[in-house]
Amino acid sequence: MGEKTFREPLSRERVLAAAVALADAEGIKALTMRRLAADLGIEAMSLYYHLPGKEGLLDGLADAVVGEIDAAVSRIEAAGADQDWRTRLRQRFLAAREVMLRHPWAPGLLGTRTTVPAGVYAYYDGIVATLISGGFSYRLAHRALHAFGSLALGFASEVFSPASAGGSMDVEVAEAEFAAMVEALPHLMAMAAAETHDVPDPTLGWCDSQVEFEFTLDLLLDGLERIRG
């Protein structure tokens with residue numbers, strides 16, 4: 001008799017790990033139940049025992065991303081529990097951004113979910129706990145959460161999101177669209193020309209570079225420090 005080939009049992013965690021790897025390699029649009037099943041070497045119907053259809057798959061993918069953020073933040077918190085509230089929050093948000101940069105499709109995905117990903121409430125509870133331990137009232141902590149917005153999850157959310165409407169959030173595409181309207185938008189064009197993104201600066205989308213993210217984050221943290229007194 002020949003040797004039996006060991007196959008890792010199919011689980012929700014294994015399915016989601018394969019989904020993340022596929023989205024990283026080929027983009028979120030390449031992620032289908034059929035393609036994912038093929039990558040796992042199983043029948044597509046087998047996936048439905050773990051994830052109920054494409055929307056369930058996308059919800060699971062959002063859960064997996066938030067889980068990565070939680071794990072990254074837990075490591076940072078364990079190493080710097082004695083740091084001040086500002087440093088802890090700054091490190092927390094930058095850790096979340098590292099996850100987003102590994103999975104550039106994640107900001108768009110999180111913005112389209114109609115259910116809250118598992119782990120999000122506990123994640124935000126940790127943010128509030130950090131603010132309270134730093135001397136903030138619950139009222140100010142609540143306002144701080146609104147001010148942080150999506151920065152807490154590692155990305156900047158624009159007022160308009162062309163990608164969600166079938167357009168593109170690609171920096172070069174957005175700048176080309178501005179260029180086509182140069183006469184009608186002189187101030188926006190002048191600003192875009194003065195603020196061209198440096199190639200080494202990691203960028204998640206239009207106006208969401210690392211420099212801009214940290215600038216906005218530090219501005220908010222400095223403002224909260226002044227309000228805290």
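The values are calculated or read from the model by the stated rules, or taken from the named source; none is laboratory data. For clarity, every value in this text was computed on a predicted model and none was experimentally measured. We work out accessible area using only protein heavy atoms, side chains counted, and drop any ligands, DNA or RNA first. Shrake-Rupley method; radii C 1.70, N 1.55, O 1.52, S 1.80 Å.
With the other protein chains left in place, how much accessible area per residue, in square angstrom, belongs to the stretch 45-107 at a 1.4 angstrom probe?
Working: 2820 Å² over 63 residues.
Accessible area per residue, the stretch 45-107: 45 Å².
Per residue, what volume in Å³ does the convex hull of the Cα atoms of the stretch 36-141 enclose? Walk me through the numbers on the way to the answer.
On the way: hull volume 12.8 nm³, N = 106.
Hull volume normalised by residue count: 121 Å³.
When the Cα centres of the stretch 106-125 and the stretch 23-77 are compared, how far apart do they sit, in Å?
When both Cα centres are located, 14 Å separates them.
Give me the number: length gained by fully extending ALA71 to ALA118, i.e. 0.36 nm times residue separation minus the C-alpha to C-alpha distance, one decimal in nm.
Values: separation 47, 0.36 × 47 = 16.92 nm, distance 1.31 nm.
The ALA71-ALA118 span can extend by a further 15.6 nm.
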